[in-house]
């Protein structure tokens with residue numbers, strides 16, 4: 001299977017289109033206002049359902065693939081094709097580009113291209129997204145115990161790198177979707193590249209990275225949904241300062257969130 005074929009598994013809908021209903025009735029002003037409020041509430045519900053449907057599809061594919069002979073054959077045929085056509089292929093690029101969409105959020109803000117949220121809010125949202133995605137990934141890795149293609153470990157499902165990459169890409173998407181759709185495209189391209197390299201590095205099956213993409217996107221969407229409530233209830237009378245510090249340890253890297261509260 002070629003890289004082009006693999007990319008098809010990770011094609012994402014970057015926007016959802018909704019049609020607006022036009023009311024031509026001459027009702028009282030209050031009735032018109034109520035109708036508009038109801039319309040806005042319904043559109044919001046549809047948007048939430050639609051947004052969650054995409055990552056849920058990816059997650060469902062990955063989970064079903066664990067017990068479906070046809071999808072398992074696809075995993076194995078893809079793996080066999082790669083090791084036959086690209087024997088000994090190895091790269092460490094995927095260890096770094098998984099973070100690039102998140103780095104881009106802070107880089108763009110530093111350049112004066114403002115996103116949706118201020119520094120503290122976006123940092124807390126990104127931290128919350130990573131907590132959720134880590135829980136998803138760690139729990140499933142140690143319960144499913146799927147053997148990696150190279151046989152090095154029994155924690156293949158889902159792909160942690162892919163989960164991190166797509167969580168970061170969704171983060172970039174949410175922050176800059178009103179600035180330019182191409183920013184989101186670049187973020188998802190980096191995440192997709194990460195997932196493909198995980199397969200080419202013989203570390204994951206296709207179903208691992210498909211599910212990882214779903215968990216990553218879902219984690220970020222959940223973070224954006226619940227953070228406003230967390231902020232209202234926990235940080236009402238407190239001023240919070242936060243910063244992100246990059247770190248490198250035991251052959252791996254990432255970002256550490258440091259924050260302080262003042263009453």
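The values are calculated or read from the model by the stated rules, or taken from the named source; none is laboratory data. Because the structure is predicted, anything quoted here is derived from the model rather than measured. Cβ: placed from backbone, ideal geometry, glycine included. Neighbour counts: every protein chain shown.
Inspect all residues belonging to region 140-154 and state whether any of them is touching a helix residue (DSSP H, G or I) at 6+ places or on another chain (Cβ under 9 Å), closer than 26 Å to residue 186 by Cβ, at pLDDT 95 or above and surrounded by 17 or more Cβ atoms within 10 Å (Cβ to Cβ).
No, region 140-154 contains no residue that is touching a helix residue (DSSP H, G or I) at 6+ places or on another chain (Cβ under 9 Å), closer than 26 Å to residue 186 by Cβ, at pLDDT 95 or above and surrounded by 17 or more Cβ atoms within 10 Å (Cβ to Cβ).
For region 77-87, give me the residue count where each residue is without any contact (Cβ under 8 Å) to a residue 12 or more places away in the chain and assigned to a helix (DSSP H, G or I).
Total satisfying the criteria: 3.
If you go through region 141-185, how many residues are under 13 Å from residue 208 (Cβ atoms) and without any contact (Cβ under 8 Å) to a residue 40 or more places away in the chain?
6
Which one of these does residue 80 not meet: (1) surrounded by fewer than 16 Cβ atoms within 10 Å (Cβ to Cβ); (2) closer than 24 Å to residue 217 by Cα; (3) modelled with pLDDT of 95 or more?
For residue 80, the exception is condition (2).
From the list 50, 70, exactly one residue is assigned to a helix (DSSP H, G or I), modelled with pLDDT of 55 or more and loosely packed, with under 12 Cβ neighbours inside 10 Å. Which is it?
Testing whether each residue is assigned to a helix (DSSP H, G or I), modelled with pLDDT of 55 or more and loosely packed, with under 12 Cβ neighbours inside 10 Å leaves just 70.
Does residue 56 satisfy being touching a residue at least 24 places away in the same chain (Cβ under 8 Å) and under 25 Å from residue 218 (Cβ atoms)?
Here the answer is yes, as residue 56 does meet what is asked.
Report yes if some residue within region 187-200 is in contact with a helix residue (DSSP H, G or I) (Cβ under 8 Å, 6 or more places away or on another chain), surrounded by fewer than 22 Cβ atoms within 10 Å (Cβ to Cβ) and not in a helix (DSSP H, G or I); otherwise report no.
No - not one qualifying residue is present in region 187-200.
Give just the number: which of (1) within 21 Å of residue 216 (Cα to Cα); (2) assigned to a helix (DSSP H, G or I) does residue 155 not satisfy?
Of everything listed in (1) within 21 Å of residue 216 (Cα to Cα); (2) assigned to a helix (DSSP H, G or I), residue 155 misses just condition (2).
Taking the condition of being surrounded by 13 or more Cβ atoms within 10 Å (Cβ to Cβ) and within 27 Å of residue 200 (Cα to Cα), how many residues in region 87-128 meet it?
Count: 10.
Within region 233-254, is there a residue that is closer than 16 Å to residue 167 by Cα and either at pLDDT 60 or above or buried (at least 19 other Cβ atoms within 10 Å of the Cβ) (or both)?
Among the residues of region 233-254, not one is closer than 16 Å to residue 167 by Cα and either at pLDDT 60 or above or buried (at least 19 other Cβ atoms within 10 Å of the Cβ) (or both), which makes the answer no.
Taking the condition closer than 19 Å to residue 198 by Cα and either part of a helix (DSSP H, G or I) or without any contact (Cβ under 8 Å) to a residue 12 or more places away in the chain (or both), does residue 90 pass?
No; evaluated as a whole, the condition is false for this residue.
Please find, among 181, 158, the residue that is out of contact with any strand residue (DSSP E or B) (no Cβ under 9 Å at 6 or more places or on another chain), surrounded by fewer than 22 Cβ atoms within 10 Å (Cβ to Cβ) and closer than 21 Å to residue 54 by Cβ.
Being out of contact with any strand residue (DSSP E or B) (no Cβ under 9 Å at 6 or more places or on another chain), surrounded by fewer than 22 Cβ atoms within 10 Å (Cβ to Cβ) and closer than 21 Å to residue 54 by Cβ holds for just one of 181, 158, which is 181.
Give region 114-131 a look and list any residue that's over 15 Å from residue 169 (Cα atoms) and in a helix (DSSP H, G or I), or say none.
The answer is 119, 120, 121, 124, 131.
What is the one condition in (1) under 19 Å from residue 228 (Cβ atoms); (2) under 13 Å from the mean Cα position of the chain (by Cα) that residue 100 does not satisfy?
Evaluating residue 100 over (1) under 19 Å from residue 228 (Cβ atoms); (2) under 13 Å from the mean Cα position of the chain (by Cα) leaves (1) as the failure.
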